[in-house]
Amino acid sequence: MRVRVLEIENFRGVATGRVVFQRHTLLVGGNNIGKSTVCEALELVLGPERMYRRPVIDEHDFTHGDYLSDAENPREIGVRAVLTDLSNEQLLRFFQHLRRWDDTTLSFVDEESGGLQAADDEGTVWALPVIFIGRYDREEDDFVGETFFDHPVPELDELDDEERTSLGEGRAAFTRAHKRLCGFVYLRALRTGSRALSMQRGSLLDTILRLGGEGAAEMWSDALGALKDLDPAIGEIEQLKSIRENIRTRLGKFVNLAPGDNSAAFFASDLTREHLREVVRLFVATQPSNHSVPFAKQGTGSINLLVFALLTIIADLKEDQSVIFVMEEPEIALPPHTQRRVTKYVVQQMGQSIVTSHSPYVIEQFDPENVVILSRDGESFTGTPIDTTNVKPKTYRAQRRQFAEAILSRAVFVLEGQTELVTVEAVSSALERFHDGYSHIDLTGVSLFNAGNDREAPKFGPIFKSLGKRVYGMRDQPNAPDPADAAENMKVFDEFWESPELGIEQILVKQVPARVLRSFLDEVVQRDDYPANCPYEAGHVSDADLASVAAKVLKARKGDNFGFGYTGILIDQCQSEADLPAFIRDALLVIDEQLSAEAELALDDESHAMQSASAEPEE
């Protein structure tokens, strides 16, 4: 089973939203875009343990906290999920609630005119629609919420009064037992692991206990009995025996005690099974100390790996890759190699994995068609898989790490080589110092992409446009004919700058003042890595010759680690905005201006939408 589509209404920051999932899905987007909201919505509709929480929802789960309309009528939270790829057991269990689903148009065929005639067409499958509904109950002065099979609701005149006012309006309940059959597991972003590793209801240890077979109920009674029947008993401790005898003697004068020594006794505790869930803790011993301590005393990285080890147990117990596994930000407190290992395991072993992340080490484990980019328009929310028409698998595999970073960005700046990347970074840092109101490309969310050479740069315009990004490009004058489609590809860029020069070195030495070049050469000539074939003696080179010497030095160090340092040193000698190379400086100012205007427009649109919503009369 897997989640195919999720629709959200009036939940958290999402007034309306729709997300389309693949078998394995990576949810990406900026901070506060709604990734956690999607995960929480999935738990509301599919999480069997969420119903243990009281109340299931509260005021803050409603958009803007508005759980009552202006007319004082309860507003409803709605979370709809369409589940496909059902196992044989699930098909038999849910048969009467299944509907035919067109997986190409992502719609139920019975909702389309004449759609039932296409019920057996290729691409049409059985699907299970379910819905969570939550609202404020005025009579109980509490918030209520339940999940139901989302078959078409009967007409109101077919329902009795109780059904009309019920949450489900005649729908059949999708119970906790039904949810357990779906195999939903939600691992929130871990910072302490305290909830996941406790014995509380819905924790990973509790999930393993329930999946492990018979005997869970007996375990708690056996544990309580063992505490009561400690041998020797707590009451046999010498000091307590003396107190017990004294109490029994004195109490017997006023109360008709039962016969025997146990008429007043000490036992280990009066715990119930709920108490045990709160106090039972896993102890772990790790090297070099080898001393067992509560898991919470371990390092954060060790706790996260312990949690992941428990997840592998759950996957094994569920068998047949039947787990719908939702995981938030696995990169927290994990080194890169462990991030990769964890993500690979999840993708390979879980029936469906839904992951949120800001880490390129996690993102690069997902194929492009499995990446779902989340976006907002005011309070409307969408999440759709990347259109991979323009993304060739070979290109994606070759540039996987760079693509991972680009996916997280607001905009992509395609450059022809590594030296260009370092130069743009250095000029952006200088502009941040010199130009009031300018924001560094890191702060505006621009990802720099190394195309490899000037002829390759144009082809990435259509690729990043298909990811829904603003895309900019820059290159030197090419020294060989372009591919046939280069001119059309360059038109796709929001802006594309082509230098009249044949190399980045010529741009730098021709567009900065002579005093900057001299200061640059005076500094680098003292370095141990200064190229021996570029003679320079401070004070003995004319201004006219400075450009050729500086260009030769930069070119000699191009393509190695030292070259990147030399480019940065040159830009660091600039003392004002006017000193910076104009070709690169002006391009960065254009990018900053366009992204700032886009951000202001989005803010205005959101403010307008909120004002319109607050002014809209209630029906």
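The values are calculated or read from the model by the stated rules, or taken from the named source; none is laboratory data. Please read all numbers here as calculations on a predicted model, not as lab measurements. Here the Cβ positions follow ideal geometry from the backbone for every residue, glycine too, while neighbour counts run over all protein chains shown. Protein only, heavy atoms only, side chains kept; ligands, DNA and RNA dropped before computing areas. Shrake-Rupley method; radii C 1.70, N 1.55, O 1.52, S 1.80 Å.
Data overview
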read-out	value
Neighbourhood net charge (11 Å Cβ-Cβ; Lys/Arg +1, Asp/Glu -1) for residue 145	-2
FRET E, pair residue 32, residue 218, Förster distance 60 Å, beta-carbon r, rounded to 0.05	0.80
Stokes-Einstein D in µm²/s, Kirkwood radius over Cα pairs - the stretch 28-76 at 4 °C with 1.567 mPa s viscosity	103
Exposure of residue 337 as accessible area (Å², to 10), given a probe of 1.4 Å and all protein chains	120
With Cα atoms, 0 to 90° folded angle of helix 336-349 axis to the chain main axis	60
Accessible area in square angstrom per residue, the chain, 1.4 angstrom probe	50
Spatial separation of Cα centroids for the stretch 514-584 and the stretch 493-513, in angstrom	16
For the stretch 292-450: relative contact order, % (alpha-carbon pairs under 8 angstrom, 6 or more apart)	16
Residue-averaged [θ]222 nm for the chain, counting only DSSP H segments that reach four residues, each worth -39500 (n - 2.57)	-11500 deg cm²/dmol
Residue 144 versus residue 340: modelled label distance in nm, points set 7 Å from Cα along the beta carbon direction	5.3
C-alpha center-to-center spacing [the stretch 243-306, the stretch 26-89] in angstrom	38
Over the stretch 466-571, relative contact order from alpha-carbon pairs under 8 Å, at least 6 apart, %	23
Answer label for semi-axes √(5λ) of the Cα gyration tensor in Å (calculated), chosen among (1) 60, 34, 19; (2) 59, 36, 23; (3) 44, 29, 21	(2)
Cα pair count fraction exceeding 16 Å, expressed as % - the stretch 405-464	47
Reachable lysines from residue 241, criterion Cα separation under 20 angstrom, eight or more residues apart if same chain	228, 253
Distance from the stretch 338-363 to the stretch 400-443 (C-alpha centre basis), Å	27
Net length gained if the chain between residue 593 and residue 89 were fully extended (0.36 nm per residue, minus Cα distance)	175.7 nm
Largest-first ellipsoid semi-axes for the stretch 350-441, taking √(5λ) over the Cα gyration tensor eigenvalues, angstrom	29, 19, 12
Contour excess over end-to-end distance, with Cα ends at residue 405 and residue 296 and 0.36 nm allotted per residue	35.9 nm
Relative contact order computed over the chain (Cα-Cα under 8 Å; 6+ residues apart), in percent	13
Karplus (6.51, -1.76, 1.60) ³J(HN,Hα), θ = phi - 60°, over the stretch 9-26, in Hz, Gly and Pro reported as x	10, 6, 10, 6, x, 10, 6, 9, x, 8, 10, 9, 10, 9, 4, 10, 10, 9
Cα pair distances in the stretch 243-385, grouped into 5 Å bins until the bin that holds the longest one, percent each	2, 7, 12, 12, 11, 11, 9, 6, 5, 5, 4, 4, 4, 3, 3, 1, 0
At R0 = 56 Å, FRET efficiency that the Cβ-Cβ distance of residue 532 and residue 289 yields, to 0.05	0.55
Residue 228 accessible area, 1.4 Å probe, all protein chains in place, Å² to nearest 10	120
Nearest-ten-degree value, helix 238-252 long axis tilted from longest Cα axis of the chain	40
Neighbourhood charge, 15 Å Cβ-Cβ cut-off, centred on residue 116 and excluding it, Lys, Arg +1 and Asp, Glu -1	-4
Size of charge dipole - the chain - debye, nearest 20, with Cβ of Lys, Arg +1 and Asp, Glu -1, no other charges	3000
Gyration tensor verdict on the stretch 3-53 (Cα atoms; rounded if a/c is under 1.5, prolate if a/b is larger than b/c, oblate otherwise)	oblate
Modelled FRET efficiency - R0 30 Å, residue 251 with residue 211, Cβ distances, 0.05 increments	0.05
Above-threshold pairs, the threshold being 21 Å between Cα atoms, out of 469/491; 35/392; 510/555; 394/459	35/392
